[in-house]
Amino acid sequence: MPEGPEIRRAADRIEQQIGGRVIDDAWFAFPELAEQAASFIGVRVARVDTWGKAMLVRFADQRVLYSHNQLYGVWKLHSEDKPPNTKRALRVRLSAEGHCASLYSASDISLWHAEHLTEHPFLARLGPDLLSQDVAPSDVQQRLNLKQFHKRSLGALLLDQGLVAGLGNYLRSEILFFSQLPPSARPVDLTPEQQQTLADCIIDVTRQAYQAAGVTNCEAWIAQAKAAGEPRRQWRFAVFERAGLECHRCGTVIERKRVGARRLYLCPYCQSA
């Protein structure tokens with residue numbers, strides 16, 4: 001499943017396609033939305049953003065189209081006269097001034113007023129979005145110390161969307177590596193300095209992944225990995241997907257483990273307990 005940075009980049013592409021434009025045709029597969037399709041004609045798309053892994057198309061009349069791609073949903077962008085050649089099931093099509101954004105295969109789609117969006121049963125459980133909301137390291141550090149989080153292992157906590165929204169499996173491994181923390185560590189066990197480093201990394205690694213199209217590694221280590229012949233799926237990361245290869249920082253062999261039923265990569269030396 002794509003993580004927050006990938007969803008945010010998809011939102012950017014949709015906004016570039018129809019953002020600021022006026023809807024001249026709307027189509028919805030689900031009856032409860034289809035009956036409102038005509039009411040979108042003449043309404044401007046204000047912006048497109050995300051909350052974790054949910055896509056939010058915001059309209060000038062304060063309505064918000066919520067969708068979650070889950071495993072199979074995908075947005076396709078195209079001109080009005082050239083629909084995509086696909087066998088996927090069309091769920092939503094928004095046409096604006098000849099530009100179209102079409103959502104296929106997704107099943108979690110609903111329409112909300114902006115004032116009531118936080119009442120959505122999925123969004124209500126999420127922490128702040130690091131890419132669409134103004135979140136500072138101090139905010140993340142404060143959340144790490146909340147009662148429901150501070151005694152949980154980081155290996156599990158960093159996948160909990162209630163802490164911050166949008167983190168996923170590759171980000172978890174990369175954040176722990178750059179924080180030099182093992183997955184067994186808990187926020188309550190850390191010094192204030194370690195908590196601050198962790199909070200900084202949660203934000204910095206996520207934002208770099210967004211800005212660099214999924215690349216979380218640093219430039220010097222990327223050059224080193226490319227020189228060693230590593231493919232992109234490896235050199236883009238500092239530890240993720242690099243089991244059996246040497247740690248860029250210390251030379252120890254990177255290990256792969258199962259933590260929370262999902263694979264996690266770490267350096268056993270740099271991230272010793």
What is the residue count in region 14-55 for residues that are within 30 Å of THR206 (Cβ to Cβ), touching a strand residue (DSSP E or B) at 6+ places or on another chain (Cβ under 6 Å) and in a helix (DSSP H, G or I)? 4
Which residues, taken from region 244-273, are under 17 Å from LEU171 (Cβ atoms), assigned to a loop (DSSP other than H, G, I, E, B) and in contact with an Asp or Glu (Cβ under 9 Å, 6 or more places away or on another chain)? ILE254, CYS267
Condition first: of a type in the set (Val, Ile, Thr) and under 15 Å from HIS120 (Cβ atoms). Now tell me which residues in region 33-90 satisfy that. THR50, VAL57, VAL64
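Results for (1) part of a strand (DSSP E or B); (2) open to solvent by less than 40 Å² (accessible area, probe 1.4 Å), shown as yes or no for each residue.
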residue	(1), (2)
GLN70	no, no
LYS76	yes, no
PRO83	no, no
ARG88	no, no
LEU94	yes, yes
CYS100	yes, yes
LEU103	yes, yes
TRP112	yes, no
THR118	no, no
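Among the listed residues ALA238, ALA209, identify the single one that is in contact (Cβ under 8 Å) with a residue 60 or more places away in the chain, buried (at least 19 other Cβ atoms within 10 Å of the Cβ), touching a Phe, Trp or Tyr at 6+ places or on another chain (Cβ under 7 Å) and within 22 Å of GLY166 (Cα to Cα). I'd like the intermediate steps shown before the answer.
Values: ALA209 fails: touching a Phe, Trp or Tyr at 6+ places or on another chain (Cβ under 7 Å).
One residue alone meets the criteria, ALA238.
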Within region 43-74, count every residue that is more than 30 Å from ASN169 (Cα to Cα), touching an Asp or Glu at 6+ places or on another chain (Cβ under 8 Å) and without any contact (Cβ under 8 Å) to a residue 40 or more places away in the chain. 1
Would you please list the contacts, defined by Cβ atoms under 6 Å and residues six or more apart or on different chains, that run from a residue in region 10-23 that is without any contact (Cβ under 8 Å) to a residue 40 or more places away in the chain to a residue that is open to solvent by 40 Å² or more (accessible area, probe 1.4 Å) and in a helix (DSSP H, G or I)? none
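The values are calculated or read from the model by the stated rules, or taken from the named source; none is laboratory data. Because the structure is predicted, anything quoted here is derived from the model rather than measured. All Cβ positions, glycine included, derive from the backbone under ideal geometry; neighbour counts span all protein chains shown. The area values use the complete protein model at the heavy-atom level, side chains included, leaving out ligands, DNA and RNA. Shrake-Rupley method; radii C 1.70, N 1.55, O 1.52, S 1.80 Å.
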